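Visitor: Let me begin by handing over the structure; questions about it come next.
Rule-based calculations on the coordinates, nothing more; no lab input. If you're wondering where the values come from, they're calculated on a predicted model, not measured in any experiment. Note: ideal-geometry Cβ built from the backbone for every residue, glycine included; neighbour counts use all protein chains shown.
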Amino acid sequence: MKLRNIMLALVVVSLFFTGCGTEKAASGRAAITEAKTMQTAQEKTDYLIAQANAFYKSKEYKETVELANYVLRYVDRNSPAAKAMLEKAQAAIKAQAQKAIEETKKRFSSSSK
């Protein structure tokens with residue numbers, strides 16, 4: 001019981017100092033550079049998809065697309081996670097563009113009255 005509590009305390013302390021997740025890279029290019037230091041294709045894919053997801057959550061869709069495309073071109077061309085991330089980011093970019101078009105139309109229609 002005592003050993004279990006010590007182990008649990010060590011896990012909690014290590015999570016506190018290292019954080020629970022992967023820290024978002026400064027850019028897609030920086031994430032790719034970091035991934036190149038990893039040994040296996042699976043490690044690279046997992047890391048880059050986690051980075052792409054972090055960029056997606058912060059609405060940095062171009063970085064997300066860059067990372068997903070990199071995985072598909074250079075690491076794992078059949079990665080379902082990279083394909084899904086790419087589709088999600090492209091849909092978000094399309095939605096942003098559509099929203100900008102609608103806002104522009106509203107501005108022009110209200111200014112011509």
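Visitor: From a point 7 Å beyond the Cα of Ala26 in the direction of its Cβ, which residues of segment 32-60 have a backbone N at a distance under 15 Å?
Guide: Within reach of a label on Ala26, which here means backbone N under 15 Å from a point 7 Å along Cα→Cβ, segment 32-60 contributes 32-35.
Visitor: Here are some pairs, Lys36/Lys59; Lys83/Lys105; Lys44/Lys99; Lys36/Lys99; Lys83/Lys106; which of them have Cα atoms lying more than 30 Å apart in this structure?
Guide: Beyond 30 Å: Lys83/Lys105; Lys44/Lys99; Lys36/Lys99; Lys83/Lys106.
Visitor: Largest first, please: the extent of the C-alpha atoms of segment 48-113 along each principal axis, to the nearest Å.
Guide: 55, 19, 14
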